[in-house]
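Notes to accompany the following structure.
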């Protein structure tokens, strides 16, 4: 850390020197709070520094400069799209993605590198020149790497590369817990088990007293045996494939199934090693109410799980996002001690007059009051739409049930999506003159600058579904569960209101209509960033 401490001691001149190493930022002034944040991060003795940075605060530059101040660093983001955006802004760094993003050199028109069958028995003569391998070697040797979380977790934990970093920067790190839980959890579909002639254990239901332990025994014995047998059969076919020969459709299916089973076997091993009685499992049911799958998850990420699958890969960490829960809740979520975390909130560079958040509690959308209060909500939504007749906007319904109630209004401005066509529907929305995008699942991930969105309506408090066993296990399990429940709702509210204000000259008004939102905001102001509370007012 000697070089880093010199950077801090020498002050702004050295920070300018680091910044000027990025061609797109050379000679430009720091935004308010940027240099303060960088100094805090480099000075901090804590394992994790958390920066709550609203849109427009320039968190990407903060993260990249912190990375450049170390001998080696990895910048993590949540999507390939964000990786590409970062590479445009910081061409001095090096990005790396998974095999499916690279064509196979042997047959670039018909195969991707994820169908690689290179082994010592069937060597590929183009292995050394493989586009994927060339890019991977270049990324591994580069001091500043940009990866997506999924690739990082897979490579770091299964392959062994992309690890041992002095500094790891996690962008949009408020989603880390969900990504890490997804990586650790075990999902089994009935169709997959049927294809392997696997019968679930006798005590397989979520209510069975020995349910979890019987599934662990099943995974370690019958499950692993049948999967290995199927892999042996597939291996017999795959070893006959020559890397420089054309693959039939059946060949590709065999390779993909083998790799899928390989991943499943690793998941079973993870499950049998770490599952204990604190884990929960849920039965997944189809539209006819029949069980067609099972999901197994830890109720909370333990320090042991987080260390083994994430924190062991770096010495220090920077987490950045526009929203984070309080330090104690964040620590519980990612398996840390609160004392391991430093925390800084940056101010918003956007005027509050451009981003008003208006509390307009017209209806109680809690479960017990929903039917009685729904007409009041619908009436207010219609009034707001009349107030913005020529502008595009977003309605966050939070639930499919409320989504359908809004659909029944029949307003021709409304634009709805289903579970598979959101991208196409958003394109249609962006091309409309005054469309209103209605969605139960878009509090995050939408980037709607300028005239794409001038108003946002949050129709219902975005609390997690208590019908989900993981959520209920946390909330009713004591400890920080109830606090976590409120904190996550607060995060989603902030995220929902930020979809339409994307730069300092942009403007968008947010209407909060649920009385449950008012109660959350008034009673729990400490759960919200200061920059957001500054914009809150009653209509």
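Read-outs: derived from the displayed coordinates by stated rules, not from any lab. Not measured: the values here are computed from a predicted model. Heads up, the Cβs are rebuilt from the backbone with ideal geometry, glycines too, and the neighbour counts pull from every protein chain shown.
The table below lists the values:
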quantity	calculated
Sites residue 284 and residue 376, calculated FRET efficiency, Cβ-Cβ separation with R0 30 Å, nearest 0.05	0.25
Sorted peptide list for 214-227, 313-326, 117-130, criterion being average Cβ within 10 angstrom, highest first	313-326, 214-227, 117-130
Two-site label geometry, residue 138 and residue 304: point separation in nm, points 7 Å out along Cα→Cβ	4.3
Segment residue 349-residue 122, extension gain: residue separation times 0.36 nm, minus the distance between their alpha carbons	75.9 nm
Cα centroid separation - region 437-506 against region 138-206, whole Å	24
For Rg and Dmax of the Cα atoms in Å, calculated from these coordinates, the label among (i) 25.2, 72; (ii) 31.6, 114; (iii) 32.1, 146	(i)
Potential extension, residue 71-residue 277 segment - 0.36 nm per residue separation minus Cα distance	70.0 nm
Intensity falloff of region 187-296 expressed as log10 I(q)/I(0), Debye formula with alpha-carbon point scatterers, at q = 0.14, 0.22 Å⁻¹	-0.63, -1.20
P(r) weight above 25 Å for region 352-538, C-alpha pairs, percent	32
Gain on full stretching of the segment that runs from residue 466 to residue 221 - 0.36 nm per residue minus C-alpha separation	84.8 nm
Relative contact order (%) - criterion: Cα under 8 Å, at least six apart; region: region 187-296	34
Residues 18, 168, 381 arranged by fewest to most Cβ contacts within 10 Å	18, 381, 168
FRET efficiency estimate (nearest 0.05) - Cβ-Cβ, residue 312 to residue 197, R0 51 angstrom	0.85
Within the chain, helix-based [θ] at 222 nm, where runs of 4 or more DSSP H residues each add -39,500 (n - 2.57), nearest 500	-12000 deg cm²/dmol
Cα-derived Rg to Rh of region 1-153, Kirkwood definition	1.07
Residues 96, 275, 14, sorted so that the one with the fewest Cβ neighbours within 10 Å comes first	14, 275, 96
Prolate/oblate/rounded call for region 109-241, Cα gyration tensor, a/c under 1.5 rounded	oblate
